[in-house]
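The values are calculated or read from the model by the stated rules, or taken from the named source; none is laboratory data. Keep in mind the model is a prediction, meaning the values are calculated, not measured. All Cβ positions, glycine included, derive from the backbone under ideal geometry; neighbour counts span all protein chains shown. These area figures cover heavy atoms from the full protein model, side chains too; ligands, DNA and RNA do not enter into them. Shrake-Rupley method; radii C 1.70, N 1.55, O 1.52, S 1.80 Å.
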Amino acid sequence: MTRMHSSSRVAANAATVYSSGIAGRLAALIGGVIAVPLAAVAIPLIGLREMFNIRNSQVLIAVCVGILVIGGLWVLVHVFVTGPIRFETDAQSVRLRRGLRITNEWQRASTDFGSLVTRQSTNGIPSGSVRTIYATTAHERVAVPARWFGTARFNDLMADLAPLAAEAPSMTLGERSHTFELDPSASRLQGTRRSIVIVVLAGFLISLGVVAFFLVTDPFADPVALVFVAAVGILVALVVLIVVAASRRRTARIPRSISVTTSTLQVGDQVLYYTQLASIELTPPSYSGRARRLTVVEKSGTRTSYLLGPGASAVGVPVFEDYAEFVEMLGRVAPAGVVRFDLR
């Protein structure tokens, strides 16, 4: 799944350094240590011996040693020299450093920064994300893969490069205070999809009941078959109950209203003062098909997350119809640097 983070002109901020994480580099090093020996064995034995019928042991050994040496050196150079990147930011500029050399330098006043996060999966199972940063000037657009950046570090970097807009100098009273209404019930299955699920489930249970009836009335039926049918019925009932309970619990976590003022953020009955918050993290409005989330981090370190329903494309009626307007307004009225996107 591909998800975009909208770019924004950045404001001046203090000098900071963001670099590729040690954990990601260590994982790449371990992967290389495993992959290179496998290749060193597989290529001579399968590629040369079986496919090209090369049987000379000295040639095979030489190829194996060559792959080990070249592959090992490449892994070391990639992990410690060419692979890691380092962003150095200050009030006027952003510099990209690869190894010991600065390869790009952008002036904040004339550069727009944005990001693209591509979620990867294998057979439906999430297997990671590819994060890319874009620097756009009047003359070029540079794409920089943020290799080995974790979610938290990448979020910090993008909050520095492309923060949400600070409060506008001239705002009307209506623009300074607004209450947004949410519809938690919209996250549940409704309409045609709900009817289809009920019909399919009822048909399946009725079929199990018919099978069980014939097994009970047939004197020659295997009792094990009846036990199996009963076990399937109980299992299906348990799964349905768990899904319904999880859905209700998820719906209960969605607030019915959020109020935004120039000094507070009220989520349901809880009032949060911006002066008490270190950051407010939001799912970008452009992300669709997954749960939106509002996470407030207090200066004491306490994190509180609120579900705001799925994206508009995931359900017929959105839970938070004015979500984009909410994000834009919160970015304007909250102190600069407090509101940031959660780029998972």
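A few notes on this one:
- Of the residues Val239, Thr262, Val210, the one whose Cα sits farthest toward the positive end of the charge dipole of the stretch 210-270, with +1 on the Cβ of Lys and Arg and -1 on the Cβ of Asp and Glu, is Thr262.
- Three principal axis extents of the stretch 203-344 based on alpha-carbon atoms, in descending order, are 78, 32, 26 Å.
- With the convex hull of its Cα atoms as the shape, the stretch 197-250 has an orientation-averaged projected area of 3.8 nm².
- The translational diffusion coefficient of the stretch 85-161, from Stokes-Einstein at 10 °C and 1.306 mPa s with a Kirkwood hydrodynamic radius over alpha carbon pairs, comes to 118 µm²/s.
- Accessible surface, per residue, of the stretch 63-102 when the full set of protein chains is kept, probe 1.4 Å, Å²: 56
- Rounded to the nearest Hz, the phi-derived 3J(HN,Hα) couplings of the stretch 28-41 under the Karplus curve 6.51 cos²θ - 1.76 cosθ + 1.60 (θ = phi - 60°) are 5, 5, 5, x, x, 4, 7, 6, 5, x, 4, 5, 5, 8, where x marks glycine and proline.
- Cβ-derived FRET efficiency at R0 22 Å, Leu76 paired with Leu38, nearest 0.05: 0.80
- Protection proxy ranking of 248-256, 291-299, 318-326 - average other beta-carbon atoms within 10 Å, highest first: 318-326, 291-299, 248-256
- The stretch 337-344 - phi-based ³J(HN,Hα) in whole Hz, Karplus 6.51/-1.76/1.60, Gly and Pro as x: x, 7, 8, 9, 8, 8, 8, 7
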